[in-house]
């Protein structure tokens, strides 16, 4: 079986690439996508880009059996399927519908036509990587009742797979005099890094700990709206803290080694489609403190970690759309994180139990062999 993929970025490697034993994976060139070619031509001739986000039209060699897209819709006759982290189609007309105090959508022909592509026989299925994503997809489908049932019949939920990461948990948790916490997040501000550091600063006079920060301090323009200058200033200030070890742009292998040496992971994020780093931490027996937005309560709970309960809309999107909502979010996050951390410092003996439960959860819910079986069932529809 030859499976074509449009790219091989991190989400594709986590959800698609090399997940079926014996299959051959081909990373397609950009000009295999007609929409990309048309956009390039338009830019050369008219100095203007064509927005082809979320759209794919396979029209060139090499020969493949199945086109497996990520967040995109195929408009050609090629047999295809798509995995997605929020919804499909991912257009300007759809991708922000859930990011409102009350989710809403403006019906349009472009989106309706995309759903018609999913309903066609050559679409093998669409895979939500979480139930939260599936719920956002179903919310969008409510606006297109004439085709909703056909699209729903193609929808399934398959959480990403995760291999166990071996380490000696008993040895790690026998030494809790100085607890080591670890934060992994490209976008430091978006992932709640500022609020996290404020809480730790408040506690550092009472408790002994080390904080590992792994971030490139990338800015975001839709939630915190932090500027590059502000991000740089934050980074430089953190470098001066003797209780923080800061790493930028290190390979995943080094990230995993730092995770394996840590007691507790932290992802107090404002916004996240999934939380892949949480799976890696849990797989190494590192229990994680997370917020409870989007997919996070599906992969973390009080049995294996800790949850910070943020104000959110009915699609589990945190409320940060007004200045008042942002301040409420920050206050809620910091108060609950402080309470959780105090509990950890007072009862470090409980960490080993959550550590064991984290590994058990990964074995049960993210087993690579079970993931392969579910994915292959969809491929076999070809």
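Residue pairs whose Cβ atoms lie under 6 Å apart, sitting 6 or more positions apart in sequence or on different chains, and linking a residue in the range 244-264 that is farther than 13 Å from residue 277 by Cα to a partner that is in a loop (DSSP other than H, G, I, E, B), are 248/216; 249/216; 262/286. Please find, within the range 336-363, the residue that is farthest from residue 158 (Cα to Cα) out of those that are out of contact with any helix residue (DSSP H, G or I) (no Cβ under 9 Å at 6 or more places or on another chain) and without any contact (Cβ under 8 Å) to a residue 40 or more places away in the chain. Checked the range 336-363; the qualifying residue farthest from residue 158 (Cα to Cα) is 346. Confirm whether residue 271 is buried (at least 21 other Cβ atoms within 10 Å of the Cβ) and over 30 Å from residue 1 (Cβ atoms). Criteria not met by residue 271. Which of (1) in contact with a helix residue (DSSP H, G or I) (Cβ under 6 Å, 6 or more places away or on another chain); (2) modelled with pLDDT of 95 or more does residue 210 not meet, given it meets every other one? Condition (1) is where residue 210 drops out. Here the strands (runs of 3 or more DSSP E) wholly within the range 98-187 that include at least 2 residues being assigned by TED's automatic domain parsing to the domain that holds residue 292 are 179-184.
Is it the case that the range 113-120 has a residue that's surrounded by 20 or more Cβ atoms within 10 Å (Cβ to Cβ), closer than 30 Å to residue 331 by Cβ and at pLDDT 95 or above? No, that holds for no residue. The residue that is nearest to the chain's Cα centre (by Cα), counting only those in the range 153-185 that are free of Cβ contacts under 8 Å to residues at least 40 places away in the same chain and surrounded by 15 or more Cβ atoms within 10 Å (Cβ to Cβ), is 157. Within the range 69-80, the residues that satisfy the criterion of being touching a residue at least 60 places away in the same chain (Cβ under 8 Å) and either outside the structural domain of residue 33 (by TED's automatic domain parsing) or over 12 Å from residue 382 (Cα atoms) (or both) are 69, 70, 72.
Taking the listed residues 312, 325, 282, 254, the one that is in the same structural domain as residue 213 (by TED's automatic domain parsing) and touching a strand residue (DSSP E or B) at 6+ places or on another chain (Cβ under 6 Å) is 312, with no other qualifying. Scanning the range 10-22 for residues that are farther than 12 Å from residue 69 by Cβ, in a loop (DSSP other than H, G, I, E, B) and touching a residue at least 40 places away in the same chain (Cβ under 8 Å) yields a total of 3.
So, residue 221, is that one in contact with a helix residue (DSSP H, G or I) (Cβ under 6 Å, 6 or more places away or on another chain), surrounded by fewer than 21 Cβ atoms within 10 Å (Cβ to Cβ) and either free of Cβ contacts under 8 Å to residues at least 24 places away in the same chain or within 24 Å of residue 260 (Cα to Cα) (or both) or not?
The answer is no for residue 221.
Just a yes or no: is a residue in the range 261-274 at pLDDT 95 or above and in a helix (DSSP H, G or I)? Checked the range 261-274: no residue is at pLDDT 95 or above and in a helix (DSSP H, G or I). Checked against the criterion of being free of Cβ contacts under 8 Å to residues at least 40 places away in the same chain, part of a helix (DSSP H, G or I), more than 30 Å from residue 117 (Cβ to Cβ) and in the same structural domain as residue 354 (by TED's automatic domain parsing), the candidates 211, 232, 238 yield just one match: 232.
The values are calculated or read from the model by the stated rules, or taken from the named source; none is laboratory data. Every value quoted in this text rests on a predicted model; they were computed, and no experiment measured them. All Cβ positions, glycine included, derive from the backbone under ideal geometry; neighbour counts span all protein chains shown.
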